[in-house]
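First comes the structure, then the notes that go with it.
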Amino acid sequence: MTSTYAVLSEGLEKRFGEVHALRGLDLAVAEGTVCGVLGPNGAGKTTAVRLLTTLLRPDAGSARVAGHDLVREAAAVRSRIAVTGQDTSIDGDLTGRQNLQLFGRLHRVRGPAGRTTELLDRFGLTEAADRPAATYSGGMRRRLDLAASLIRRPDVLFLDEPTTGLDPASRNLIWDAVRGLAAEGTTVLLTTQYLEEADRLAGDIVLVDRGRVAHTGSPAQLKALVGAHAEVVVAHPDVLTKAAAVLDRLTGGQPSFDHDRNAVGVVSKDPTLTLPLLVRALDSAGVPLLDASLRPPTLDDVFLRLTETDTTDEVKERAA
Ligand SMILES: Nc1ncnc2c1ncn2[C@@H]1O[C@H](COP(=O)(O)OP(=O)(O)O)[C@@H](O)[C@H]1O
Ligand SMILES: [Mg+2]
C-alpha cells in the first residue's frame, strides 16, 4: 500500500513552545501527482514541509516519504527528495550556470554541463546564465533555486509557496515547470495561499487550517462542498438589509455587501438553491430587484465558506 504513496503521514504534531503548529496532520499524496497544500498564514504549511523534508523532527506521529520512514531513514529520505523554500540557497557571487554546476558536483550528477544547460533553458535563464546571480531579480533567483533543486531529479519535490511575491512571468515559468515535472512522474507537494495556483496545478488539494487538515479533494470536489455564489442588486440602498435577511434565511450563508453597487452576495450552504427560488423569495418579501445571479463557486468561495463555518462553530462553542 505504502509504496503507492510518495508522502503518507499520520498524526504529525509539532509544537514551538506554546504554539501548537501541527495538531495531527494526515496526508496521503499518491506517487506522480501534484498535491496542493492550501491554507492561510500560520496554518502550519511551512512546518509541515520542514517536517516532511527532515529539517525538523516531529513531536508525534509518523510519515513515510519516497518509500522511507521519515525519522528512522532520514538520510534515505533526503537522498530522494528536494525542497525549495523562499530563502534561496544561491551564491550571488557565482553566475547562474556556476551555481547549477556547483550543485551538480555536490550531488555527483553525471554530465552536469548538459543538465545545467537544459535547466537554464527550462527556467528562462539562458540569457542571464553567465551573469552573477546577485544581479538577478527576485523572480530569477527563485527560478534558479528551483533549477538547482532539480539538478539531481528528485522523486518528490517540495515547494513552499513557490510563487509568493513573484511577477507573472516568473510565476508562469514555475507553473510550467511543475506541470512538466508532474508529466515526467515526479511527485510534487506545493504549499500555497493562492487558490488559483492550487486550482491550476494540483489534482488534489489539502486544505490546512490551524495545524490540521480541514478538507481534502480535487478542486471540483471541494467546489461541490458549497452551493452556488448568489448575488442580488436592489433598487434602493434602504432595502439592502432586507435583501440580506432573505438571502441569509434562504442560503444559510453570511451575506457580504457591496454598497457602491447596492449589491449583496452570499455563498449558499444549500446546493439546491435555484435562481427562480431566489427571485421568488425576494419578490414576496417586497424587495425591488434590479438583478440577481447564481454562479458556480470558486475555490475562493470554498475557502471563505470553510473558514467562516469554522469561526461560526467556534463562536457557538464559546457561547455554549
Ligand atoms: N520556529 C518557530 N518558533 C515558534 N513558532 C513557530 C516557529 N515556526 C512556526 N511557528 C508558528 O507555528 C505556526 C505555523 O507556522 P507556519 O508553519 O510557518 O505556517 P504557514 O507556513 O502556514 O504560514 C504559526 O503560529 C507560527 O507562528
Ligand atoms: Mg509558510
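Cβ separations smaller than 7 Å between residues 6+ apart or across chains give the following pairs from the range 159-183 residues that are part of a helix (DSSP H, G or I) to residues that are of a type in the set (S, T, N, Q) and within 16 Å of ligand 1 (Cβ to nearest atom): 171/163; 174/163. For residue 162, indicate whether it is more than 13 Å from the chain's Cα centre (by Cα) and either modelled with pLDDT of 90 or more or not assigned by TED's automatic domain parsing to the domain that holds residue 45 (or both). For residue 162, the condition - more than 13 Å from the chain's Cα centre (by Cα) and either modelled with pLDDT of 90 or more or not assigned by TED's automatic domain parsing to the domain that holds residue 45 (or both) - is not met. Residues that are part of a helix (DSSP H, G or I) and under 29 Å from residue 40 (Cβ atoms) do occur in the range 261-271. Scanning the range 144-177 for residues that are under 15 Å from residue 89 (Cβ atoms) and within 16 Å of ligand 1 (Cβ to nearest atom) returns 158, 159, 160, 162.
Just checking, does the range 105-119 include any residue being within 21 Å of residue 190 (Cα to Cα) and not in a loop (DSSP other than H, G, I, E, B)? Please lay out each step first, then the result.
If we filter the range 105-119 for residues that are within 21 Å of residue 190 (Cα to Cα), which is where we start, we get 119.
Pick out the ones that are also not in a loop (DSSP other than H, G, I, E, B) and you get 119.
For the range 105-119, residues within 21 Å of residue 190 (Cα to Cα) and not in a loop (DSSP other than H, G, I, E, B): present.
Every residue, every condition in (1) buried (at least 23 other Cβ atoms within 10 Å of the Cβ); (2) within 16 Å of ligand 1 (Cβ to nearest atom); (3) modelled with pLDDT under 95, yes or no:
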{"residue": "1", "(1), (2), (3)": "no, no, yes"}
{"residue": "22", "(1), (2), (3)": "yes, yes, no"}
{"residue": "42", "(1), (2), (3)": "no, yes, yes"}
{"residue": "52", "(1), (2), (3)": "yes, yes, no"}
{"residue": "62", "(1), (2), (3)": "no, no, no"}
{"residue": "69", "(1), (2), (3)": "no, no, no"}
{"residue": "74", "(1), (2), (3)": "no, no, no"}
{"residue": "82", "(1), (2), (3)": "no, no, yes"}
{"residue": "92", "(1), (2), (3)": "no, no, yes"}
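Looking only at the range 23-46, count every residue that is aliphatic (A, V, I, L, M) and out of contact with any helix residue (DSSP H, G or I) (no Cβ under 9 Å at 6 or more places or on another chain) and tell me the total.
Residues that pass the stated criteria total 3.
Please tell me if residue 233 is within 16 Å of ligand 1 (Cβ to nearest atom) and crowded, with 16+ Cβ neighbours inside 10 Å. No.
Restricting attention to the range 191-206, the residues that are within 15 Å of ligand 2 (Cβ to nearest atom) and among the aliphatic types (A, V, I, L, M) total 2. Pairing each residue of the range 272-285 that is on the phi > 0 side of the Ramachandran plot with any residue that is at pLDDT 95 or above, provided the two are 6+ apart or on different chains, yields no C-beta distance under 8 Å.
When the residues of the range 122-143 are narrowed to those that are at pLDDT 95 or above and under 20 Å from residue 181 (Cα atoms), which ends up nearest to ligand 1 (Cβ to nearest atom)? Top of the filtered list is 125. Which ones in the range 37-70 are at negative phi, out of contact with any strand residue (DSSP E or B) (no Cβ under 8 Å at 6 or more places or on another chain) and near ligand 2 (Cβ under 9 Å from one of its atoms)? Within the range 37-70, 41 is the sole residue that qualifies.
For the list (1) outside any strand (DSSP E or B); (2) more than 19 Å from the chain's Cα centre (by Cα); (3) touching a residue at least 12 places away in the same chain (Cβ under 8 Å), I need the number of the one condition that residue 41 fails. Single failed check for residue 41: (2).
Within the range 165-190, the set of residues being modelled with pLDDT of 90 or more and within 16 Å of ligand 2 (Cβ to nearest atom) comprises 189, 190.
Restricting attention to the range 281-297, which residues are among the small types (Gly, Ala, Ser), surrounded by 12 or more Cβ atoms within 10 Å (Cβ to Cβ) and assigned to a loop (DSSP other than H, G, I, E, B)? Across the range 281-297, the qualifying residue is only 285.
The values are calculated or read from the model by the stated rules, or taken from the named source; none is laboratory data. The structure presented is a predicted model; accordingly, all values stated were derived computationally and were not measured. Glycine gets a Cβ as well: all are built from the backbone with ideal geometry, and neighbour counts include every protein chain shown.
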